[in-house]
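The structure appears right after this line, and notes come after that.
All of the numbers you see were taken from the coordinates with simple rules; none came from a lab. If you're wondering where the values come from, they're calculated on a predicted model, not measured in any experiment. Every residue, glycine among them, receives a Cβ derived from its backbone with ideal geometry; neighbour counts consider all protein chains shown.
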Amino acid sequence: MTEKSIIQYCENIGSDHLLVQGAGGNISWKEENILWVKASGARISDATKKNIFVPLDLFDLNNAIRNNEFDIQPKVLMDYKLRPSIETFLHALMKHKIVIHLHAVDILSYLVRKNYHEILKNKLKEIIWIDIPYVKPGANLAKLIKNTITPNTEAIFLQNHGLVIGGNSINEVDNILKKITSLLKITKHSCIKKNNSKPVYNIELNNIKYTLINDENINLLATTDLFKYLSKKWAISPDHVVFLDSSPRVYTSIKDFQTNHFNEKSRCELAFIKGEGVYITDKFNLAMREQLRLYFEILIRQSNLDDINTLNDKEIHELVNWDAEKYRISLQEK
């Protein structure tokens, strides 16, 4: 049965942080005239514990596609109350029975590069694929895909965003995913940590407690040469901006943090202090941690960090002021 195999597959990939992070990514399947798609804000890893899929009228979606009406609200069936994914039309556009959309670390590590297309062209000669330049997720992305996709397309690479794969069975989808991840495997680069024999574990400012994050790898963002790239190579993907804000709060020292913290326009839940580490408040939730770890994993897979392409101010503004993303953030638990 498709539903059982999908749910089992969700459990298999949902626990792999190199493939799935938090509520990111999506899975769908088509059953007669129904498109079952993961709900907005739901976690793939919760598929065996919760009802995370929403049934949609596929006939209605296909009619909207024919008429280029990508701004319509998908018609939810059976009185389900969950919201369908922002990327519902992406799943409807691919005519395969099963479609997955992932923010896989190794793949994103290529897709954030300025020359990613040439790299994919050289490495993926065994796959039928297309690539899509970055546009705002949702309607804008769906329109661009409709004008580019072919009936034979097996995979779609979304610049600074992720990977989409279609197949007619879980085995087919998984085989394509394994082939792509094998061909695009990247070796991590080591980071040389600056010496700091006495780290400061807690800083209290204005009755807010900041704690050094309990993750040696993430702290390397502030204690190695990665620190100088935080400000200029921050907005690497939609989920990164949505969950971690449009720009990082970086400080050259604890004194700098203490002095400038009070000039911030909004409360700061995440601070990078040079030579000390990464500091968080108790409101820094699991979804944020997963996105921060994804960011670190992508940075250490770059041979030249200057080659990273980031979202521009207009693209960032579109995301942080989008009601659909505000809704997704509201569903994340601590």
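What do you get for trypsin sites (Lys or Arg not before Pro) in region 1-88 restricted to DSSP loop and a cutoff of at most 13 other Cβ within 10 Å of the site's Cβ? Let's see the in-between values first.
Working: sites: Lys4, Lys30, Lys38, Arg43, Lys49, Lys50, Arg66, Lys75, Lys81; in loops: Arg43, Lys49, Lys50, Lys75, Lys81.
Taking region 1-88 and a limit of 13 other Cβ atoms within 10 Å, the loop trypsin sites (Lys or Arg not before Pro) found are Lys49, Lys50, Lys81.
Could you give me the ³J(HN,Hα) list for region 303-317, computed from phi with Karplus coefficients 6.51, -1.76, 1.60 and θ = phi - 60°, whole Hz, x at Gly and Pro?
Those phi angles translate into 7, 9, 5, 5, 7, 6, 8, 10, 5, 8, 4, 5, 5, 5, 4 Hz.
Please list log₁₀ I(q)/I(0) at q = 0.09, 0.11, 0.14 Å⁻¹ for the chain, using the Debye equation with identical point scatterers on the alpha-carbon positions.
Per q value, in the given order, log10 I(q)/I(0) is -0.49, -0.72, -1.12.
For region 1-73, run through the GluC sites (Glu not before Pro) and keep only the ones in DSSP coil with at most 16 other Cβ atoms within 10 Å of their Cβ. Please report the intermediate quantities before stating the final value.
Details: sites: Glu3, Glu11, Glu31, Glu32, Glu69; in loops: Glu32, Glu69.
When the GluC sites (Glu not before Pro) of region 1-73 are filtered for loop state and at most 16 Cβ neighbours within 10 Å, Glu32, Glu69 remain.
Treating the angle as unsigned and between 0 and 90°, give the value, to the nearest 10°, between the Cα long axis of helix 170-183 and the longest Cα principal axis of the chain.
Value to nearest ten degrees: 40.
Under the 0.36 nm per residue contour assumption, what length would be gained going from the current alpha-carbon distance of Asn51 and Asn140 to full extension?
Numbers: separation 89, 0.36 × 89 = 32.04 nm, distance 2.85 nm.
In short, 29.2 nm is gained.
Non-local amide H neighbours of Ala47 (under 5 Å, H modeled in plane, Pro and chain starts lacking H): which ones?
none
Let's test the formula: R0 of 45 Å, r as the Cβ-Cβ distance of Asn147 and Lys283. What FRET efficiency results, to the nearest 0.05?
0.60
Put a dot 7 Å past each Cα toward the Cβ at Gln258 and Val320; how far apart are the dots in nm?
2.8 nm
Specify the residue with the greatest mean-square fluctuation among Gln302, Gln258, Gln291, computed from a Gaussian network of the chain linking alpha-carbon atoms under 10 Å apart.
Its mean-square fluctuation being the largest, the pick is Gln258.
How far, in degrees from 0 to 90, does helix 286-299 lean away from the longest principal axis of the Cα atoms of the chain, to the nearest 10?
It works out to around 80 degrees.
Would you list which lysines come within 21 Å of Lys123, measuring only between C-alpha atoms, while excluding same-chain residues fewer than 8 positions from it?
Within the straight-line cut-off, Lys123 pairs with Lys114, Lys178, Lys179, Lys185, Lys188.
Karplus couplings for region 119-125 from phi (6.51 cos²θ - 1.76 cosθ + 1.60, θ = phi - 60°), rounded to Hz, Gly and Pro as x?
Once rounded to whole Hz, the list reads 5, 4, 4, 7, 9, 10, 6.
Taking region 115-199, which GluC sites (Glu not before Pro) meet the DSSP loop condition and have no more than 15 other C-beta atoms within 10 Å? List each step's numbers first, then the result.
Numbers: sites: Glu118, Glu126, Glu154, Glu172; in loops: Glu126, Glu154.
The qualifying sites are Glu126.
By how many degrees, between 0 and 90 and to the nearest 10, does the Cα long axis of helix 2-14 differ from the longest principal axis of the chain?
Taking the Cα atoms of the chain, the angle to 2-14 is about 20 degrees.
Starting at the first residue of region 219-224, write each ³J(HN,Hα) from the Karplus equation 6.51 cos²θ - 1.76 cosθ + 1.60 with θ = phi - 60°, in whole Hz, x for Gly and Pro.
The phi angles translate into 5, 5, 4, 10, 10, 9 Hz.
Could you work out how much longer the chain between Ile128 and Ile65 gets when fully extended? Use 0.36 nm per residue separation minus the Cα distance between them, nm to one decimal. Mind dumping the intermediate values first?
Details: separation 63, 0.36 × 63 = 22.68 nm, distance 2.25 nm.
This chain segment gains 20.4 nm when fully extended.
Gaussian network model of the chain, Cα springs within a sub-10 Å range: biggest mean-square fluctuation belongs to which of Leu77, Leu35, Leu226?
Leu77
Using helices alone, I'd like the mean residue ellipticity at 222 nm for the chain: each DSSP H run of four-plus residues gives -39500 (n - 2.57), total over residue count, nearest 500. Could the numbers behind the result be given before it?
Details: 13 runs with 117 residues, N = 334.
Calculated at 222 nm, the ellipticity per residue is -10000 deg cm²/dmol.
When a footprinting reagent is the concern and you count Cβ atoms within 10 Å, what order do Met94, Met288, Met78 take, fewest first? It would help to have the intermediate numbers written out before the result.
Numbers: Met94 24, Met288 20, Met78 7.
Least crowded to most crowded, the residues run Met78, Met288, Met94.
Classify region 2-183: rounded, prolate or oblate, from the alpha-carbon gyration tensor (a ≥ b ≥ c, eigenvalue square roots; a/c under 1.5 rounded; otherwise prolate if a/b is larger than b/c)? Present the calculation step by step, with values, prior to reporting the outcome.
Values: a/c = 1.65, a/b = 1.24, b/c = 1.33.
In terms of gyration-tensor shape, oblate.
Quick one: dipole size for region 2-183, taken about the Cα centre, charges +1 on Lys/Arg Cβ and -1 on Asp/Glu Cβ, in debye to the nearest 20. Walk me through the numbers before you get to the answer.
Numbers: 22 positive and 19 negative charges, 68 e Å.
Roughly 320 debye for region 2-183.
Among Phe59, Phe70, which comes first, then next, by fewest other beta-carbon atoms within 10 Å? The partial results should precede the final answer.
Values: Phe59 13, Phe70 20.
Neighbour counts put them in this order, fewest first: Phe59, Phe70.
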